[in-house]
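Below is one structure, written out as structure tokens; comments come after it.
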Amino acid sequence: MEDIIICRCQEVTRQDILDAIADGATTVDGVKRRTRAGMGLCQGKTCERLVARMIAEQTGRPLSEIVPPKSRIPVRPVKIGIIGGEQDE
Amino acid sequence: MSKDADIIVIGGGIIGCSAAYYLSKLGKKVLVLEREDITKGSAGATDGVVGYHTKKPGHQMDLAVQSIAMFDHLSEELGMDIEYGLRCGGMQPAEDKMQWDILSEIVEEQKKSGVDIHMISIEEARQIEPQLAPDLYGALYSPTGGKVNPIRMTMAYFRAAKRLGAVFQTETEVTGMLMEGNRVLGVRTDKGTYRADAVVNACGSWASFTAKMAGIDMPIKPRKGQLIVTEPIGPFMDCTLQCARYNVIKFRPEVIRDPNVLKMGASLSIEQTESGGLIIGSTRELVGYDRENTLEAIETILKRAVRFFPALKDVCFIRAFAGLRPYTPDGLPIIGRVDALDGFYMAAGHEGDGIALAPITGKLLAEQIVYGKESYSLEPFSPNRFM
């Protein structure tokens, strides 16, 4: 059970996340900075709810009070050339 | 009145965690008070350049030389891999002769600190970094600089300090100082009051507010840097690389004529991390405490990235973020005792050099607090210069 992968992109296990919470993480970003969960290609779209639920379970805080991760540009991966342009232009 | 610790460190960023570690190592009982979480602020929103060539010639460079030497064995000492890329090198390609001439002048000054920094042709630069665009003018090269994972480094200091007995209390906001005349006796927080023999202000971009609580003005302002992360890719580059404009903006802003470049302070700073993603920055914007990303900045940064590394146009970026660098008017950090206040110390204002200068800052500050005198003088960085 503890070796279940919670963050697929970064291959972060349930145990890694439990360790991060024991280390003091009380927010989804706090877990992310300790484990890289949510730092991969999908930017936490799959794992952030699971992580939030685990924090709530472990700390006894209501799920509604677990601070979600900050949303940032871009919504999905974008090729640099689309915004940065072709060098030859 | 009984005390809660020998020393209270306010701020759980790279500087606060480093100070906590070196103070604990000297046998002090340390209490770190952090408003949110360890590495929640700028230490968790930056790149990992540990280079010489981006340092201001003179005192700051001399301090950097000592700090960077400490990185060699830091993972071992702290008992955690901080992903330090030893001697990956630092490079700054110039686009034209004017940039080359300015860089050459700065290099002559920087070399006086005994560091290997020199100018190389674009052909030599491309032998080191084959992905570089061939139509550049030449480059500054510093073969001995390194790069680190700043989040892991902060966590490593935090955990090593904890093992030595330091107590870290997160989600605790300091709201005022406990004072008796000019003596600082401790702090008031939203979780109660704490007493100690000395208080260290390691609040980075927020340090001026903490200083104000003790009744002093410290001229530290937040300067926003926006960065972009790409998807992980195979080995692409080794160096940490900035475009020449980075040093030109930092040390010779008067020669920049384009008002947009000056306003955003946009230049390229790029490195590949251990996990394969590239971190691409950055801007230098004085826009208060705003930490949002702007499309304008992202476009400017990515255009520069493609200008220097054309192959990047086919790589995806997955996230943008921003951090606040604690800016000081003279470009030097503020480290050491405040003469006008007994028991109050500053360790902030490192702007973009907090990661590289954290080891030496923590070590020398701890020596000053514990022994009364540090092994290498912090005088040029003394807070008393602003009093």
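Summary table
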{"quantity": "Prolate/oblate/rounded label for the protein assembly as shown (Cα gyration tensor, a/c 1.5)", "calculated": "oblate"}
{"quantity": "Choice from B:175, B:39, B:144 showing the highest fluctuation, given a GNM over chain B with Cα pairs closer than 10 Å", "calculated": "B:175"}
{"quantity": "Residue-averaged 222 nm ellipticity for the protein assembly as shown, from DSSP H runs of 4+ at -39500 (n - 2.57), nearest 500", "calculated": "-9500 deg cm²/dmol"}
{"quantity": "27 Å Cα-Cα threshold exceeded, pairs from B:55/B:263; B:40/B:162; B:112/B:250; B:112/B:147; B:250/B:373", "calculated": "B:250/B:373"}
{"quantity": "Cα centroid separation - region B:328-370 against region B:132-164, whole Å", "calculated": "20 Å"}
{"quantity": "Normalised contact order of chain A, rounded percent, pairs of Cα under 8 Å and 6 or more residues apart", "calculated": "25 percent"}
{"quantity": "Relative contact order for chain B, counting Cα pairs under 8 Å that sit 6 or more residues apart, in percent", "calculated": "23 percent"}
{"quantity": "Partner lysines for residue A:79 [C-alpha distance under 25 Å; skip if fewer than 8 residues away on the same chain]", "calculated": "A:32, A:45, A:70, B:224, B:303, B:313"}
{"quantity": "Peptide ranges B:153-160, B:103-110, B:221-228 listed from the most packed, as the mean C-beta count within 10 angstrom indicates", "calculated": "B:153-160, B:221-228, B:103-110"}
{"quantity": "Residue mean of other protein chain beta carbons inside 10 Å, B:153-166", "calculated": "1"}
{"quantity": "Within-14-Å neighbourhood charge of residue B:114 [Cβ basis; K, R +1; D, E -1]", "calculated": "-1"}
{"quantity": "Relative packing of peptides A:56-62, A:74-80, B:214-220 - highest average C-beta neighbours within 10 Å first", "calculated": "B:214-220, A:74-80, A:56-62"}
{"quantity": "Packing-based ranking, highest mean first, of B:278-285, B:94-101, B:302-309 given that Cβ atoms within 10 Å are counted", "calculated": "B:278-285, B:302-309, B:94-101"}
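Throughout, read-outs are computed from the coordinates displayed, never taken from laboratory work. All values derive from a computational prediction rather than experimental measurement. Methodologically, a virtual Cβ is constructed for each residue, glycine included, from the backbone with ideal geometry; neighbour enumeration extends over all protein chains shown.
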